[in-house]
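A short write-up of the structure that comes next.
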Amino acid sequence: MHKPSKKISRLVATTAIAATVLAAQAPNVLAVTQPHPDQELNQEAVKKQLQVEGVEQLENGVKLDLSSDQNAFIRLFSEDMAKVSILKEGEEEYFSEAISKKEWDTPSFDVSEEKGEITLTTDEITIKIKKEPFGIKFLDKEGNVINEDYMQNGSGYDGEKPYVYKKTTEDEAFYGFGEQSGLEVNQRGKSIGMFNTDAYAYETDTKYLYTSIPFFIGLKDEKAYGMFFDNTNRSYFEMASESDDYYYFYADDGTLNYYFMYGPEIEDVLDRYTELTGKMDKPAKWTLGLHQSKWEYSADDIERVAETYREKEIPVDTMHFDIDYMDEYRVFTWSDKFGDDALHQKLDDMNFKKITINDPAVKKDPGYFMYDEGTANDYWAKNPDGSNFVGEVWPGDSMFPDFSKEEVRDWWASKHDILFDKGIDGVWNDMNEPAVFDGPYHTMPLDVTFGEGENKRTHEEYHNLYGHDEAEATYDAFEMYKPNERPFVLTRDMYAGSQRYAALWTGDNVSEWDHLEMSLPMNMNVGLSGVPFVGNDIGGFAGRPDAEMFARWIEVGAFLPFSRIHYDSDKKAEGKKQAQEPWAFGQEVEDISKKYIEMRYKLMPYLYNAFIDAAEQGTPVQQPLVYQFQDDENTYNVSDQFMFGKAMMLAPIVEPGQTERDVYLPEGETWIDYWTGEEFDGGQTITTEAQLDHLPIYVKKDSMIPTREVQQYTGEKPLENLVLDTYLDEKATYSFYEDDGATLDYKDGEYNVTDLEVKRKGKHIEFKKKEKATGYDTDLESYTLKLNGEEAPKRVRAAKAKYKEVSSVEEVKSTQESFFYDKEEQALYVNVPADEKHKVKIFFNGKKK
Ligand code: MIG
């Protein structure tokens, strides 16, 4: 397999030192924490194999009587997805909170049995179940084996631990697994653990991070399948880490059940997985703008930073309020300065959106309404003896809401008017591992309990769901108080399915080069785990970047799905007072920041549409190359390049002192250097220069990228002119979605979809559009078709109407039925009225290009 060469001086040692220094300064609260030691499987136990002793056909699959008093249920949820459950006597089939769709229409299928093998066949997959020993094989309709049990060990329980062994071969790649450290996108060879952990200043080899998504994609022979191990306990994935012949996954406890879904396209796997676990909502547009944040901004700082953005005309939408806004860290309270209406008014007047952090822990403080109400109603997590669990977090001794109870979630949601009444637009959930400073391994003891009666669960089982349920409660607050607004919840902790409620930021990263590098594969794998809305603290949270690092980071940061500059309090920054706003590093870096942030705002229609795909099909916004190019094996291990939406590929510099890098251009496309217009064939590695202000970007030929004029904040100006930045070979198309970007009115059909097409037809080029949905009252007056790399035209017309030639880009945008040819740029601009009924034809002098 090809791997683009890298000249890396990895700063692992430096990061380790930085983390230790930072941790040493405030040992109790900031130590890099790890959960209790990993539990391993007993190798003797997993050799014991199960036998099938009886078969019963079910409405949607089969039930098998297994030896050792176990039962297996293999159910078909669709023609390409099956759920496998292996249960001990008396246990019921299980759905965790991850699952948003439980009822599926059973696909038509056949069952047969011969030669000790049971076969289930749908139109898309075949499942073969071997009876002695018990083992499962999934095949595609051509009979290729897609995935099969590793028969030496198979699947079952080692005591309380459910496990599954699968066969693999050296060429199989693995992606997904939620939020993972490391510099590689392909997770093959790794030992992965899932136990939500407050991992302040984590490193490239930290095993446990904040979020657990026990889902992955296997890719072999260019065919992809998904595997979702729905078990909320701490789980482990040994991905060919011990042998190239097998991988296995298991959990500390709980039931054995997994979903297998077949692609063969990665795209289809994700679409199906997010049908099962839910898709993200269409986001409010403002959430896609830039966010600015710092722990320990004073109220004055917030105002001053907001003003400076506007003065310097660097686009930004949102200021974040970190924990200091509260009255001594009591959740749902405001301290005088931060609660001052004048501050909120000023921010509102400058058209800022505002997000407040919120922590789960409630100060143990009789007389404080949250404590009193929660105590009176019995809302807290409990010790095994039934008393309330108390643990230390920011407010000191605290209680932990039992978010597993609907009643508690409703109560929590109902308190958000305290934030919303100040005009807060979004809520940021932190510390929801939950982090407990004085608890074992920085969280609660595993025997703390949640729920009651039948629903009672230990912390051990519930741990990875705590953040998920808090996110749901927060999401519910929007439904309660802002019923026609699109919610925005940002969370640090997720389980599978949390994308239904929240966006994810990847916690307390560090201002180190390898963190910038690591952010790429990390986000790409989060995206391949059903969570498109992800970002990392730009510039790094812990520590402080230097000018070069910040410049390179903002170049990537401007293209993150969730784009926020956020940094640690000065106390912990090793004495450095270096600030992390775009202007804090001198003029050059300010200019670079502005250039790329403006580019994000220009690309807003394209970015918003990428998010529409995310909401409708589970499509990641920041994609690894393999997502679109799974037929090109050379993409499988490319970890430092990514697709930003469908058409743009970014190859950032993520190492110090570098001014050039190698770029792999996937096969099957022609690639255009976004800055120079130079064309390259796909299927090769090129070397490109990249001075400090230069982010290498390549566009797929035959693509159309909708852009608009820059705004200082989203919603500053109506979208009246849409520029279709087009790179044409034969035919470029775009299906443009538009709605108000803020409310839920799209659910009542208030949206537009316009299919746009530009086609080369011999000596002329034709532009046409077709309205597919017209429910939204658009402000759009015209399209500016920008054709890159074309000759000067002879004439442009639509039916009988002749478009007139004008002499500048400004003029072409302000007139209609006009065109302008920019000789230097070799770009042709044609302004087409939005209500143009006819095809627009562009004629050239010369021969067909
Ligand atoms: O124990 O609220 O990850 O973004 O600034 C630290 C203060 C608590 C951790 C979050 C970080 C936030 C910080 N929080």
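Values in this text are rule-based calculations from the coordinates and carry no lab data. Note that the structure is a prediction, hence the values are computed from the model and not measured. Cβ coordinates were reconstructed from backbone atoms using ideal geometry, including for glycine residues, and neighbour counts include every protein chain displayed.
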Alpha-carbon radius of gyration plus Dmax, which is the widest Cα pair, for the chain in Å:
27.5, 87
Can you flag which of 353/594; 47/167; 83/137; 83/282 are past 22 Å Cα-Cα?
83/282
Quick one: if the Förster radius is 41 Å, what FRET efficiency do residue 110 and residue 242 give, using the C-beta to C-beta distance and rounding to 0.05?
0.65
Is the shape of the stretch 119-225 best called rounded, prolate or oblate, per the rule: a/c under 1.5 gives rounded, else a/b larger than b/c gives prolate, else oblate, with a ≥ b ≥ c the square roots of the Cα gyration tensor eigenvalues?
prolate
FRET efficiency, residue 839 to residue 313 (Cβ-Cβ, R0 30 Å, nearest 0.05)
0.15
Assign one of three labels to the stretch 264-389, namely rounded, prolate or oblate, based on the Cα gyration tensor with a ≥ b ≥ c the square roots of its eigenvalues; rounded applies when a/c is under 1.5, prolate when it is not and a/b is larger than b/c, and oblate otherwise.
oblate
Stretchable slack from residue 369 to residue 750, in nm (0.36 nm times residue separation minus alpha-carbon distance)
133.0 nm
Of 597, 57, 391, farthest towards positive along the dipole that unit charges on Lys, Arg, Asp, Glu beta carbons give the chain
597
Membrane-span-like helices in the chain: DSSP H runs reaching 18 Å or more (Cα, own axis), mean Kyte hydropathy at least 0.5?
12-25
Using the Cα gyration tensor of the stretch 224-280, with a ≥ b ≥ c the square roots of its eigenvalues, what is the shape: rounded (a/c below 1.5), prolate (a/b larger than b/c) or oblate (neither)?
oblate
Return the percentage of antiparallel bridges among DSSP beta bridges fully within the chain, rounded to the nearest 5 %.
85
About the Cα centre, and with charges only on the beta carbon of Lys, Arg (+1) and Asp, Glu (-1), how big is the dipole of the stretch 718-844? Nearest 20 debye, please.
1180
Taking the Cα centre of the chain as origin and charging only Cβ (+1 Lys, Arg; -1 Asp, Glu), how large is the dipole, in debye to the nearest 20?
3060
So the FRET efficiency between residue 350 and residue 720, C-beta based with R0 = 25 Å and rounded to 0.05, is 0.60
Stretched out fully, how many nm does the piece from residue 335 to residue 94 gain, at 0.36 nm a residue minus the Cα gap?
82.3 nm
